[in-house]
Each structure stands twice: as structure tokens, then as C-alpha cells.
Amino acid sequence: MADYMTEAKQLDLVSWRRDLHRHPELGFQEIRTAGIVARHLGELGMEIQTGVGRTGVVGVLDGRQPGPVVMVRFDMDALPIMEETTHDFRSETPGVMHACGHDGHVAIGLGVATLLARHRQELRGSVKFVFQPAEEGQGGAVAMIQDGVLTNPRPDAAFGLHIYNQLPLGRVTAGEGPVMAAAERFQCRVTGRGGHGAMPHQTVDAIVVASQIVTALQTVVSRNVNPAEMAVVSVGSLHAGSAFNIIAEQAELWGTIRTLDEATHQTVLRRVHEIVEGTASAMGASAQLDIEELSVDFVNDAQAAARVRQAEARVVGAENVSDQQLWGASEDMSYFLRKVPGCFFFLGASRAEKEFPHHNPRFDFDEAVLAQGVAILCETVAGYLIE
Ligand SMILES: [Zn+2]
Ligand SMILES: [Zn+2]
């Protein structure tokens with residue numbers, strides 16, 4: 001059997017990642033990134049489809065003889081963040097940054113494609129490479145599914161990974177069952193009555209109403225959710241007002257809801273509605289609340305997870321492999337895993353004690369994780385297609 005780790009270390013993973021890092025693209029705008037991916041897969045002799053889910057790329061690698069189809073998925077999008085690292089490869093696009101590690105995921109995907117193409121004669125079956133746009137809350141996975149990514153050929157199993165810089169390099173996880181949260185985005189628009197800052201009695205101050213709503217929302221998790229269950233309600237954005245002496249007529253807040261099980265989910269949704277609408281009405285304002293589903297709860301297949309843990313153990317040693325803890329992040333890979341059994345796993349990538357977290361302007365990770373990611377995915381797929 002091939003020694004994928006040795007081969008992975010000889011790839012240009014770091015320079016691929018740094019090039020992608022320098023040229024980040026937001027969701028559904030991954031034109032340059034998709035071009036690099038399509039060219040690379042084409043040069044490896046794969047049949048390619050572009051424009052799948054707007055900017056996604058799909059390539060199919062056929063092994064020596066027909067057999068199962070294994071899908072591997074990599075997300076490509078960056079975030080609307082102004083990078084604050086001092087790297088010489090930092091973002092050249094102001095206000096856009098690869099702050100979640102998806103540049104690393106694309107580099108890993110190119111590496112996996114390179115090595116499995118090299119070893120295609122050993123494979124019985126096909127590998128479907130799926131490079132997905134717009135993972136960060138814009139619905140890239142759903143867009144690809146609508147464009148038929150799960151048909152022709154239909155995958156029998158699906159695998160994906162995420163670099164995680166809050167876990168030490170070399171430590172990896174692959175949990176089974178529910179592993180990540182369902183996520184929603186909510187938008188709340190409060191409408192009061194604007195007026196002169198010196199004559200508040202003639203107004204309904206949208207800022208005061210919105211502030212009460214933000215404070216009251218903190219009680220959903222602390223007072224309404226069973227302490228044994230996981231839930232998150234976070235307000236990430238609050239905008240109102242235009243001048244120091246004008247009472248704002250409108251305020252808009254944006255936030256996110258994360259839950260792991262359906263009963264908690266329903267409780268949280270009901271309480272958010274009651275708090276927003278009840279608080280606004282108690283204060284003489286009105287509020288419009290819109291809640292949009294970003295991802296469904298995330299379930300790893302037990303067999304697929306066992307397969308990944310085996311591959312992980314071969315690459316980083318069994319003592320570094322763990323069952324993943326449940327956490328409040330979400331990932332739209334969950335839409336694929338609703339339809340195809342599979343496993344999404346995490347690769348530790350921190351160098352220092354305290355790395356800046358994902359989505360931070362100074363987010364970074366240890367690039368040694370790239371070769372590990374390539375080797376683990378190659379081992380996983382090869383395990384599936386060689387047996
Ligand atoms: Zn992210
Ligand atoms: Zn991410």
C-alpha cells in the first residue's frame with residue numbers, strides 16, 4: 001500500500017495554500033479559485049464539471065475497475081474580514097480573508113487528487129471530488145445539490161474535513177452520531193418612531209427597544225434551555241441611528257441560533273419569537289423577525305467515522321485520535337450527509353498555546369496540517385476502494 005504521508009510531504013501544498021490565501025474570494029465569487037481547481041483536476045485526467053452550484057467544481061477519478069463511488073468535499077470561500085496578519089502571503093484583496101482555513105482545504109483537495117490519480121490503478125471504484133462554494137452561510141452545499149452533485153454518479157459515501165486551530169497540531173477527531181449543531185441566522189428589524197433627541201416623549205426609541213431585546217435574548221439559553229442540552233443564541237450585529245441628537249426610528253439586529261436536538265431547537269425558536277415580539281410591543285414599537293436555516297443538525301455515520309479514525313491512526317498515531325466533542329459550530333456539509341452516509345472530521349492545527357480563533361483577522365494555522373489532511377483522506381478513500 002502506498003505511503004501517502006511521505007508522498008503528501010513532497011507536494012506543493014504550502015505554496016498552493018499561500019497562493020490561495022493571497023487571493024481570497026467570497027462565497028459564489030470563487031472564480032479564480034475554481035479555475036485553479038478545474039485546471040488541476042483536468043491535468044490529472046479527470047472529467048470535470050464547472051459552474052455546479054454557481055462556482056463549484058466537480059471532478060470524477062475512475063479507478064482500475066468499477067466499484068463504489070466515494071465523494072470528498074472541500075469548501076473554497078473566504079470571509080469579509082480585513083486581514084491583520086503580517087505574513088508576506090497575506091490577502092491582497094482588501095476586506096476579504098481566508099480566516100477559516102478553507103484555503104488549506106482547497107490545497108488539501110488538490111493534494112488528495114494528485115495522489116489518488118497517481119495511484120488510480122490500485123482503486124476499485126471512483127472518487128468524486130467536490131469543491132464547494134459559499135460554505136459560510138450562503139448555501140453553497142444546497143446550491144450544488146440542486147445542481148445534481150449527488151447524482152451521476154451517486155456517491156455511496158462522503159467525507160470532508162476542517163482544519164481546527166484550537167486543537168494542537170497532530171491531534172485529530174472523528175465523532176459519530178450528532179457532532180455539530182443546526183444553525184440559523186435571524187434578522188430582527190425594530191421600528192419605533194424617530195424624533196428629536198431632546199424630546200423623547202414624542203418618540204419610540206428603536207435603540208432602547210433593540211437593547212432590551214438583546215439583553216432579554218440572553219435569558220433563552222440561561223433560563224429556558226435544559227442545562228443538560230446545548231444551545232447558543234448570539235447577536236452579532238446591531239445597527240441603528242444616524243446622529244447624536246436624533247432618536248432612531250429603526251434598529252436592525254442580526255444573530256445566530258445553534259442547537260443540537262429538535263426539542264431544544266423548537267424551544268429556542270419559540271422563545272426568540274416571544275421575546276422579540278413581546279418586548280417590542282411592550283415598549284410601543286413593532287418588530288419583524290426573520291429566521292433563515294443555514295444548516296441542519298450534523299450526523300456522522302458510525303461506520304464511516306470508524307474508517308476515518310483508522311486512517312487517522314495510521315497517519316498520526318492512535319493516541320492522537322479522539323471522538324469529537326459536540327460543539328456549537330455548524331457546517332453545511334450536513335446537507336450532503338443527510339443524503340449520503342459519511343464522516344466530517346477535524347484536524348488540529350495550532351502551533352502556539354493560544355491561536356487567534358477562526359473568523360478572527362489574525363487567524364492562522366500550522367501548515368504542517370496540510371500533509372496530514374491529504375494523507376488521512378487518501379488513506380480513508382483508499383481503504384474504501386481497495387478492500
Ligand atoms: Zn468558517
Ligand atoms: Zn470553515
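Restricted to region 347-376, and to residues there that are buried (at least 22 other Cβ atoms within 10 Å of the Cβ) and away from ligand 2 (no atom under 16 Å from the Cβ), the residue that is nearest to Thr86 (Cα to Cα) is Ala371.
Here Val58 meets the list (1) assigned to a helix (DSSP H, G or I); (2) touching a residue at least 40 places away in the same chain (Cβ under 8 Å); (3) more than 16 Å from ligand 1 (Cβ to nearest atom) almost entirely, failing just condition (1). Here region 66-88 is the region considered, the condition is being over 23 Å from Tyr335 (Cβ atoms) and touching a Gly at 6+ places or on another chain (Cβ under 8 Å), and the residue that is farthest from ligand 1 (Cβ to nearest atom) is Pro66. Any residue that is away from ligand 1 (no atom under 16 Å from the Cβ), over 24 Å from Gly101 (Cα atoms) and assigned to a helix (DSSP H, G or I) - is there at least one of those in region 323-337? No. For Phe344, the criteria (1) under 26 Å from Glu184 (Cα atoms); (2) hydrophobic (A, V, I, L, M, F, W, C); (3) out of contact with any Lys or Arg (no Cβ under 9 Å at 6 or more places or on another chain); (4) within 15 Å of ligand 2 (Cβ to nearest atom) hold in every case but one, which is (3).
Given Val130, Val172, which one is at negative phi, more than 16 Å from ligand 2 (Cβ to nearest atom), touching a helix residue (DSSP H, G or I) at 6+ places or on another chain (Cβ under 9 Å) and at pLDDT 95 or above? Break it down stepwise before answering.
Numbers: Val130 fails: more than 16 Å from ligand 2 (Cβ to nearest atom).
Just one listed residue meets the conditions, Val172.
Scoring Arg258 on the criteria (1) more than 20 Å from Glu184 (Cβ to Cβ); (2) at pLDDT below 95 leaves a single failure, condition (1).
If the requirement is being on the phi < 0 side of the Ramachandran plot, in a strand (DSSP E or B) and either within 16 Å of ligand 2 (Cβ to nearest atom) or modelled with pLDDT of 95 or more (or both), which of these qualifies: Leu150, Leu161, Leu116, Leu110? So that I can check it myself, show each step before the final result.
Values: Leu150 fails: in a strand (DSSP E or B); Leu116 fails: in a strand (DSSP E or B); Leu110 fails: in a strand (DSSP E or B).
Being on the phi < 0 side of the Ramachandran plot, in a strand (DSSP E or B) and either within 16 Å of ligand 2 (Cβ to nearest atom) or modelled with pLDDT of 95 or more (or both) holds for just one of Leu150, Leu161, Leu116, Leu110, which is Leu161.
Select from region 111-129 the residues that are surrounded by fewer than 24 Cβ atoms within 10 Å (Cβ to Cβ) and of a type in the set (A, V, I, L, M, F, W, C) and list them in ascending order. Of everything in region 111-129, those that are surrounded by fewer than 24 Cβ atoms within 10 Å (Cβ to Cβ) and of a type in the set (A, V, I, L, M, F, W, C) turn out to be Leu115, Ala117, Leu123.
Is it the case, given these coordinates, that Val225 is touching a helix residue (DSSP H, G or I) at 6+ places or on another chain (Cβ under 7 Å) and in contact (Cβ under 8 Å) with a residue 40 or more places away in the chain? The answer is yes for Val225.
Would you say Ala2 is of a type in the set (Gly, Ala, Ser) and at pLDDT below 95? Don't jump to the end; show me each part of the working.
On the way: of a type in the set (Gly, Ala, Ser): yes; at pLDDT below 95: yes.
Spelling it out, Ala2 is indeed of a type in the set (Gly, Ala, Ser) and at pLDDT below 95.
Note on region 251-264: among residues that are more than 25 Å from Val209 (Cα to Cα) and in contact (Cβ under 8 Å) with a residue 60 or more places away in the chain, the one that is surrounded by the most Cβ atoms within 10 Å (Cβ to Cβ) is Thr259. Consider region 89-108 and keep the residues that are crowded, with 20+ Cβ neighbours inside 10 Å and either farther than 13 Å from Leu26 by Cβ or acidic (Asp, Glu) (or both). The one that is nearest to ligand 1 (Cβ to nearest atom) is Gly101. Taking the condition part of a helix (DSSP H, G or I), farther than 27 Å from Val316 by Cβ and out of contact with any strand residue (DSSP E or B) (no Cβ under 6 Å at 6 or more places or on another chain), does Gly45 pass? The answer is no for Gly45.
A single member of Ala287, Ala311, Ala263, Ala280 is outside any strand (DSSP E or B) and closer than 30 Å to His201 by Cβ, and it is Ala280.
Taking the residues in region 164-204 that are of a type in the set (Lys, Arg) and part of a strand (DSSP E or B) as candidates, determine which candidate is nearest to Asp332 (Cα to Cα). Walk me through how you get there before you give the answer.
Within region 164-204, the first condition is being of a type in the set (Lys, Arg), and the residues that meet it are 171, 185, 189, 193.
Next, only the ones that are part of a strand (DSSP E or B) stay: 185, 189, 193.
On the way: Arg185: 13, Arg189: 26, Arg193: 39 Å.
That would be Arg185.
The values are calculated or read from the model by the stated rules, or taken from the named source; none is laboratory data. All values derive from a computational prediction rather than experimental measurement. Quick reminder, even Gly has a Cβ in these numbers, built from the backbone with ideal geometry, and neighbours come from all protein chains shown.
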